[in-house]
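**Q** Before I ask anything, here is the structure I am working with.
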Amino acid sequence: MQGTPWSRLIATIALFGLTATAATGQELPVEHAVLVAPPSVPPAITRTEPAKVIVDVEVKEYTARLADGVEYVFWGFGGTVPGPFIRVREGDQVEFHLKNHPDNKLPHNIDLHAVTGPGGGAASSFTAPGHSSTFSFQVLNPGVYVYHCATAPVGMHIANGMYGLIQVVPKEGLPPVDREYYVMQGEFYTEGRYGDEGLQPFALEKALAENPDYVVFNGSVGALVGDNSIRADVGEVVRLYVGNGGPNLVSSFHVIGEIFDTVWAEGGSQMNRNVQTTLVPAGGATVVEFKVEVPGTLILVDHSIFRTFNKGSLGMLAVSGDEQPAIYSGKQDDSVYLPEGQVTLTASTPDPPAALTKAERMLQGERIYNQTCFACHQANGQGIPAVFPPLVQSDYLIADIDRAISGVIYGQQGEMMVNGQKYNGLMTPQTLKDAEIANVMTFVLNSWGNTGDTITPDRVARVRKNGPLDNAFQQ
Ligand code: HEC
Ligand SMILES: [Cu+2]
C-alpha cells in the first residue's frame, strides 16, 4: 500500500465495503415502489428489514386545467402535480430511474431532500428528452421530504409543477391511522390575472416579485373540492402529508373546523400537540393528524387568507356520520339582536310609506346599499373579479330584474355568467323588507352609470310570492 494516494485508498476501502456486504450474502430483497396519483398515498410498508427499492418516475410536459376555463403547460413528475408520493423505509437502498418523455422539450432532473449527497441527486439525474438516468442512494434519515426538479432555470421548473414528497418511514414505523392523504401547495404565475381564460403562459416578472395569481393545493383550483374532496367517517383518525413546492411562498396550513391533535413539525421527528395552524416552508413538509369527531365539511386552507378566497388554496375534507351534538350543536337559535337603545333595519323600522319619489327611494336605497351590499359588491358596484359579480352594467342583472330581486330575497348560489366572467359563489338571503329591497334595487339600477326603472314594493312582493328560483340559497 506504500505510496498509494489517499484517494485511491479511500476508494479501495469503499469498494471493499460493497463487496463485503455482497460476500456475507446479505443481498437486499428488491421491490418496486408503488406509485399512485395524489391525493392518495402508497400502501403502508410492513417489512421490518431494509430493501432495495426501485423507483421509476417519468417526467411529462403537458397541458391541463389550472382553473375553470384556464389552461397551463405543466411540467410534472409522473404527469401529475404534485408528483407521486414515494414511500421507502429508513435504511432502504433506493435505485432511482428518471425518465424524460421523448415528446418533452427540456432536460429535467430531480433533487430529493431525502438524499445524503451533492445536489440531492440533481447532477446524477440530469436527463435529456428521450433519455433515462439511474442513480442510487441510501435513505439515512426518517421523515417527509420534498423532491423537485433542479434544472436551470430552477425556479421555473418548480413553478411549473415539478415537485412532490418522499417519505422515509422510521425503522420503528408510524402508528396506524384510518386514512392518509397527500396534499401539496404550490403557486402559479400567469400572464393573465386569476380567472383570465385561455392558455396562460408562465410570467417571470410575477415570479420574481413573488406575486402569484394562483396558490393551489394539488396543482389546480378545486383539485380537492366537491367531487374531488378527500373524505373520512366520524371517529376516524386522518393523517395528512402536506408539502409546499413553493416556489416562493410559505404556507400557513390550517383546517377550518379542526385542531391538529398531532403535528410532526416540518415533517421531522418532533411531535407537537394541539396545533391550529402550522407553517410549511417552501421546499418543506409537515404531517398533521387529527380525529374527526363531527360530520360536515372541513376546509383546508393556507390561512394567509386572501390566497384561499382569491387565489385558490382551498380544499375540502368531507366527513360523514351521525351528528354529535354534545361536541358541536350546529345553529341552535337565530334571533334578532338589538343593542340597547338601537333599532335594526330589519326588525323595527316601519315600512316607509309606499309612494316615495324616485329620489327618495334612491336616498334610502343608498343607505341600505352601504349597510348590506357594499361589503361584497364594493363601493361603486364594481364587485371583485371572479368572487363578487359587478352590479355596474351587469348584463345578468339587466337581462332579468325580477330574477335579481328574487336573488336578494331568497339568496343565490351556483354558477352564473356576468359580463362574460363566471361566478360560482354564494349570496345569502338579505333579510330586508319589500320596501327596502325596492329602494336598494332602485338605487343599484340608477347609480354609477346604470340607468333603469324605479322598483316598487308591490313588484318586490310579487316576486316574493312567486317563491325561490332554482338557484336560490339552500341552507
Ligand atoms: C356576502 C356577500 C354579498 C352580499 C352582502 C350581497 N351580495 Fe349580491 N351577490 C353575491 C355573490 C357571491 C353573488 C353571485 C352568486 C352566484 O355566483 O351564484 C351575488 C349576486 C348578485 C346579483 C346577480 C349578479 C349580478 O352581478 O348582477 C345581484 C343583482 C346582487 N347580487 C345584488 C345584491 C344586492 C342588491 C345586495 C344588497 C341588498 C347584495 N347583492 C348583497 C354576494 C353578495
Ligand atoms: Cu425540470
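**Q** Please arrange 108, 303, 113, 131 by counting, for each residue, the other beta carbons lying within 10 Å of its beta carbon, fewest first.
**A** Fewest to most other Cβ atoms nearby, the residues stand as 131, 303, 113, 108.
**Q** Still on this structure, please answer the following. If Lys and Arg each add +1 and Asp and Glu each add -1, what is the summed charge of the other residues whose beta carbon sits under 13 Å from the beta carbon of residue 263?
**A** The answer is -2.
**Q** Still on this structure, please answer the following. Using the C-alpha gyration tensor of segment 27-169, what are the square roots of 5 times its eigenvalues, in whole angstrom, with the largest one first?
**A** 26, 17, 13
**Q** Using Cα pairs under 8 angstrom and six or more residues apart, how large is the relative contact order of the chain, in percent?
**A** Reported as a whole number, the value is 10 percent.
**Q** Any chance you could check the Cα centroid distance between segment 437-475 and segment 179-219 for me, in angstrom?
**A** 38 Å
**Q** How large is the Kirkwood hydrodynamic radius of segment 110-231, counting all unique pairs of alpha carbons, in Å?
**A** The answer is 16.9 Å.
**Q** Count charges around residue 206 for me, please; just the other residues with Cβ under 15 Å from its Cβ, Lys/Arg as +1, Asp/Glu as -1.
**A** Net local charge, residue 206 excluded: -3.
**Q** Which order do the peptides 384-397, 305-318 take when ranked by the mean count of other beta-carbon atoms within 10 Å per residue, highest first?
**A** Peptide ranking by packing, descending: 305-318, 384-397.
**Q** With the calculation restricted to Cα positions, what are the radius of gyration and Dmax of segment 60-143 in angstrom?
**A** 14.6, 46
**Q** Please get the size of the charge dipole for segment 345-466, origin at its Cα centre, with Cβ charges of +1 on Lys and Arg and -1 on Asp and Glu, quoted in debye to the nearest 20.
**A** My answer is approximately 100 debye.
**Q** Hey, if you put +1 on the Cβ of every Lys and Arg and -1 on every Asp and Glu Cβ in the chain, which of 443, 356, 113 ends up farthest toward the positive end of that dipole?
**A** 113
**Q** Compare the peptides 321-333, 36-48 by average per-residue count of other Cβ atoms within 10 angstrom and give them in order, highest first.
**A** Put in order of decreasing packing, that is 36-48, 321-333.
**Q** How many percent of all Cα-Cα pairs in the chain sit more than 33 Å apart?
**A** Of the Cα pairs, 51 percent sit more than 33 Å apart.
**Q** Please report Rg (one decimal) and Dmax (integer) in Å for the Cα set of segment 189-293.
**A** 16.0, 47
**Q** Using the per-residue mean of other Cβ atoms lying within 10 Å as a proxy for protection, in what order, highest first, do the peptides 74-87, 188-201, 460-473 fall?
**A** 74-87, 188-201, 460-473
**Q** Counting only Cα atoms, I'd like the Rg/Rh figure for segment 345-466, Kirkwood definition for Rh.
**A** Using Cα coordinates only, the ratio equals 0.94.
**Q** Counting Lys +1, Arg +1, Asp -1, Glu -1, what net charge surrounds residue 463 among other residues with beta carbon under 13 Å of its beta carbon?
**A** Net charge in that neighbourhood comes out at +1.
**Q** How many Lys pairs in the chain lie less than 22 angstrom apart by Cα atoms, where the lysines are 8 or more positions apart or on different chains?
**A** Qualifying lysine pairs in the chain: 8.
Bear in mind these aren't lab numbers, they're just calculated from the coordinates by the rules spelled out. Quick caveat: nothing in here was measured; it's all calculated off a predicted structure. Positions of Cβ are backbone-derived with ideal geometry, glycine not excepted, and every protein chain shown enters the neighbour counts.
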